[in-house]
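Coordinate-derived values only; no laboratory data. Note that the coordinates shown come from a computational prediction; the quantities given were computed from them, not determined experimentally. All Cβ positions, glycine included, derive from the backbone under ideal geometry; neighbour counts span all protein chains shown.
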Amino acid sequence: MPDTTNPPHRPSILVTGATGNLGREIVARLRIHGVRLRCLTRDQPDPQPGAEWVVGDLTDPGTMRQALVGIDAVFLIWPLLDSAPAHDLIAELTTATPRIVYLSSTAIDDQAARQSDPIVQVHADMEALLHDADLRPVVLRSDTLASNARGWARQVRAGDVVSGPAAARTAVVDERDVADAAVAVLLAQHDHLDHGPHLLTGPEVLSRADQVVQLGAALRRDLRFQALPAELARSRMLADGRPEPLVEALIAASTRRPESHRVTDHIQRLTGHPAGTFAKWALDHAAEFG
Ligand SMILES: NC(=O)c1ccc[n+]([C@@H]2O[C@H](COP(=O)([O-])OP(=O)(O)OC[C@H]3O[C@@H](n4cnc5c(N)ncnc54)[C@H](OP(=O)(O)O)[C@@H]3O)[C@@H](O)[C@H]2O)c1
């Protein structure tokens, strides 16, 4: 007869950004791990089996206090362009004391007084806030997510040229690998927890032009990337209805973020499998561009 006197502890895990490109992958993985799963969204969620969905906003401490009740570990993103509103969230985390897995950026330069652009600066500020509050976060610094390519789908459907702001070459990482790494550290035994920072990269340094060519190969089409001058990229993004502060942050990232040749084995170390290529991501997601 099974011993039911001391059932194993099922950790309660809160996933922020649960509806996003990365968060969806983490939710899908945690569902099959038998944890108690709580997912945060700002919108009224669709009821889905295997997870509790709660409405909340990272900048609204009342909703975050509710979301953190009974939580052992939290996968934390900070998708805002300013870290100032995070102070209230830090206070809530200090009270709740869950394990925190923070999704940061490989573009952080630990030697620099100021980071290359506002998006990287926010991640550096968030890491500092979490450390200064003695929250001992596990820091996952992610390279450019392959899923950003979804932003090209409309252009790919319309023609063979994908245009946008140029970006420095970097080791684009499959968000499914980042999700595997996040799940590994969310579920790791306390004694085996390495707080990082873990530098999560793909296996190959790619330009946007390289990515578009590889996407074309997956679609059996000759696609090419056209880098737009900053002024033109800015006016197009504004015309598309993107908020001005976001557009300025994206232009700053495009013009100021340096090229990175760093390829690490940290995905392999955390997950036990190698990081996948962008070419594989493109093949697996080709239907989304058809
Ligand atoms: N993309 C990259 O290359 C990259 C690289 C390094 C790090 N990161 C970090 O990874 C994060 C996730 O990336 P992603 O591509 O999965 O993002 P995404 O697809 O754009 O999703 C953003 C998520 O953030 C949630 N969100 C936005 N504002 C919120 C708020 N005020 N309160 C609560 N939730 C909020 C959204 O949830 P609802 O709309 O459902 O509320 C959504 O689930 C980014 O935000 C960034 O900080 C990204």
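Data for the structure
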{"item": "Selected from L199, L228, L130 as most flexible by GNM, with the chain as the system and alpha-carbon contacts under 10 Å", "result": "L228"}
{"item": "Karplus-derived 3J(HN,Hα), 6.51/-1.76/1.60, for each residue of region 133-140, Hz, glycine and proline x", "result": "7, 6, 8, 6, x, 8, 9, 9"}
{"item": "GNM top mover of F278, F225, F75 - the chain, alpha-carbon springs below 10 Å", "result": "F225"}
{"item": "Using alpha-carbon coordinates, inclination of helix 244-256 to the longest axis of the chain, degrees", "result": "70"}
{"item": "Value at 222 nm in deg cm²/dmol, rounded to 500, when DSSP H runs of n ≥ 4 in the chain each add -39,500 (n - 2.57)", "result": "-11500 deg cm²/dmol"}
{"item": "Rg/Rg_globular for the chain, with Rg_globular taken as 2.2 N^0.38 Å and Rg from C-alpha atoms", "result": "1.03"}
{"item": "Alpha-carbon centroids, region 133-197 and region 70-124: separation in whole Å", "result": "15"}
{"item": "Unit charges on C-beta of K, R, D, E only; dipole of the chain, Debye", "result": "760"}
{"item": "Whole-number percent relative contact order across the chain, with pairs defined as alpha carbons under 8 Å at least 6 apart", "result": "18"}
{"item": "Fraction of beta bridges assigned by DSSP in the chain that are antiparallel (%, nearest 5)", "result": "5"}
{"item": "Within-10-Å neighbourhood charge of P61 [Cβ basis; K, R +1; D, E -1]", "result": "-3"}
{"item": "Coarse-grained scattering of region 1-125 at q = 0.11, 0.19, 0.21, 0.22 Å⁻¹, given as base-10 log I(q)/I(0) from a Debye sum over alpha-carbon atoms", "result": "-0.43, -1.08, -1.24, -1.31"}
{"item": "Highest-fluctuation residue, A179, A239, A146 considered, GNM on the chain with Cα pairs under 10 Å", "result": "A239"}
{"item": "Sequence-distant residues sharing a close amide H with R99 (under 5 Å, placed H)", "result": "A73, V74"}
{"item": "Zero-based 5 Å bins, Cα pair distances in region 54-144, whole percents", "result": "3, 14, 26, 26, 17, 9, 4, 1"}
{"item": "Under-5 Å amide H pairs with L206, H placed in peptide plane, nonlocal only", "result": "T170, A171, V172"}
{"item": "Length-normalised contact order of region 41-127 in % [C-alpha pairs under 8 Å, at least 6 apart]", "result": "26"}
